[in-house]
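Since the structure comes first, as C-alpha cells, the remarks are kept for the end.
Every number here is computed from the coordinates shown, using simple stated rules; none is lab data. Because the structure is a prediction, the values reported are computed rather than measured. Here the Cβ positions follow ideal geometry from the backbone for every residue, glycine too, while neighbour counts run over all protein chains shown.
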Amino acid sequence: MSYSEAREMFADWGVDTEAALDKLAGIAISVHCWQGDDVRGFETRAGASGGGIQATGNHPGRARTPDELRADLEFAYGMIPGRHRLNLHAFYLDTDETPDRDEIELGHFTPWIDWATAQGIGLDFNPTFFAHPKADDNLTLSHPDQGIRDFWIEHGRRCREIADGMAAAQGGEVVNNIWVPDGSKDNPVDRMGARRRLEASLDAILSPDYPRERVLDAVESKLFGIGVEAMTVGSHEFYLGYAIRKGAALCLDMGHFHPTENVADKLSAVALSVPDILLHVSRPMRWDSDHVILLDDSIRAMAQEVIFAELTDRVRIGLDFFDATISRTAAWVIGVRNMQKALLEALLSPQAQLKQAEAALDFTTRMILTEEIKGLPHAAVWDEFCARQDRPTGLALQSRLEGYQASVASRG
C-alpha cells in the first residue's frame, strides 16, 4: 500500500499521519553503548566482578576499542531514522591514562565528546558501580566500610562533574543515571542500616547542585540481582521515595521488576509525583535477561502510555539490552527501530475516540476500536518515515546489516 492511500485511511479515523511523523521525528532515543562490546568497557581490571551483569554468547564482531565502537555506532545510527543520543558508561573512557574510578575527569572522555558533537549526537552518562575490585562484595554506596563508600561517592561526584562538562560542551541536557548493585545474597538483619548508608551516600553525590537544564540526575531501582537475591538496597520503593524527596528523575527499567508486573502502568502513577522519568527499555524474557526488544505487547503498552499520557516532554527514553549471540550492530538497529515503530503506532491511534468511549464507560466501543485499529496500515507510514530520511527497510535493511556484520566478523 502507498503512503497516500494509508494517509487517507488514517484520516477516516481522524488521525493526521503528517502530525504523527513530525512528532516521531522529535523523539530522541538514547542508544546504550554497552550493547556493542558486551558490557566490557575500556578498562582492564583483573579479577573484577561484573556486578551481576553478563552478556551471553560470543558472536564475532565485538568492538574492542573506542574507535571500533564509534564506527559501529556510526553505522547503526545510519540505519535508524531520526536524531538520537548515546548513553555512555563511565568505564568507556578513551584515554592513554589509567585513572581509577575516583580519579576520572572530563578530559578522559574528550574523544567521545568531539565525536558525538561532530555527529550531532547528544550524550547521556552513567557512573559505573560494578566491574571493579571495590564492588566485589556487591556493595558500593551502602558498604559498611566508610572508605569504600567514600571511594564510590567520589566516583559519583566526578561523574556528575563530567556530565555537566559534556552538557556545557554540547549545549544541552545530559541525563546522569545512578544504578548500584548493592544488596544481600541471604537474609539481612539490618536493612535500615544499609538503606540509611545508601541515602547518605546519594546525598553526598548529589551535592553540589548543577543546573537542571544541563544535568538531569536519575536514580534506578531493581528487584534483585545475581548475588543479591535476598535484598536489594535500592529497591523501587526506596528510589521512588528518594526521587520524590530530592526532585530527581526516576528510572524505570523494564527488566527490573517482577515478570508479571506491567511496567507501562507505572508511568502515569509515578508521573504524578516525580518531575521526570527515565525509561530503560528492555525485554525480560526471564526477568532481567535484557533481550533485544521486539515490537511486542509490552513495548506497545509502554509507547502508548508515553503518548496517551502526554509525557514525551517528561520522559527520556533509553534502551538497555545486550545480546552477544547475534550481530551487535543489528541488535541496536532492530531495537531502536522497534521502539520507534511502537511510538508511531501510538501516535497513529485515534486517541480522542478511545478516551471518549472510556470516559462514557462504553467499554464495548473501546474494545472494538482497539482491535480494529490493529489492522490499519502502520507499516506504510513507517516506510514513508524511513524513506524521507533515506533509511532502508525490508530486504534492503537486511542486506545492509548483513554486509556490515561481514565486514567486522574478523574481529573474532
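Between the amide H of V215 and those of V174, distances stay under 5 Å, these residues lying 5 or more places away or on another chain, with hydrogens modeled in the peptide plane.
Distances between placed amide hydrogens fall under 5 Å for L319 paired with S30, H32, V281, all partners being 5 or more residues away or on another chain. Couplings 3J(HN,Hα) of segment 239-251, computed from phi: 6, 4, x, 5, 4, 5, 5, 9, x, 7, 6, 9, 8 Hz, in residue order, whole Hz [Karplus 6.51 cos²θ - 1.76 cosθ + 1.60, θ = phi - 60°; x for Gly and Pro]. Overall, the ratio between the Cα radius of gyration of segment 257-412 and 2.2 N^0.38 Å, rounded to two decimals, is 1.18. Determine the relative contact order of the chain: mean sequence separation of Cα pairs under 8 Å and six or more apart, normalised by residue count, in whole percent. About 21 percent, as a whole number.
Protection proxy ranking, highest mean first, for peptides 232-238, 3-9: 232-238, 3-9, where packing is the per-residue count of other beta-carbon atoms within 10 Å, averaged.
Paramagnetic label reach from T65 (point 7 Å along Cα→Cβ; backbone nitrogen cut-off under 14 Å): within segment 369-412, residues 411. Computing Rg and the Kirkwood Rh from the Cα coordinates of segment 261-320 gives a ratio, Rg/Rh, of 0.95.
Summarised in one figure, the compactness ratio Rg/Rh of segment 44-180, Cα atoms and Kirkwood Rh, is 0.98. Restricting attention to the chain, lysine pairs at least eight places apart or on different chains and with alpha-carbon atoms under 21 angstrom apart total 12. Shown for H258, H59: other C-beta atoms within 10 Å of each C-beta, ranked fewest to most, produce the order H258, H59. Fully extending the segment from D96 to D296, taken as 0.36 nm per residue of separation minus the present Cα-Cα distance, adds 67.7 nm. Evaluating 6.51 cos²θ - 1.76 cosθ + 1.60 at θ = phi - 60° for every residue in segment 186-202, the Karplus couplings come out as 10, 4, x, 10, 9, 5, 4, x, 5, 6, 5, 5, 5, 4, 5, 5, 4 Hz, glycine and proline recorded as x. 3J(HN,Hα) couplings calculated from phi for segment 156-170 with the Karplus curve 6.51 cos²θ - 1.76 cosθ + 1.60 (θ = phi - 60°) are, in sequence order, x, 5, 5, 5, 5, 5, 5, 4, 5, x, 4, 4, 5, 5, 9 Hz; Gly and Pro show x. Sparse packing (at most 14 other Cβ atoms within 10 Å of the Cβ) combined with a DSSP loop state is found for the following chymotrypsin sites (Phe, Trp or Tyr not before Pro) in segment 283-321: W287. A cut-off of 5 Å between modelled amide H atoms, ignoring neighbours fewer than 5 places along the same chain, links L86 with V31, G122, L123, D124.
Among the chymotrypsin sites (Phe, Trp or Tyr not before Pro) found in segment 113-148, not one is both in a DSSP coil and sparsely packed, with 14 or fewer other Cβ atoms within 10 Å of its Cβ. Computed from the C-beta positions of T110 and E358, the FRET efficiency with R₀ = 51 Å rounds to 0.50.
Each 20 Å bin from zero holds the following percent of Cα-Cα pairs in the chain: 26, 57, 16, 0.
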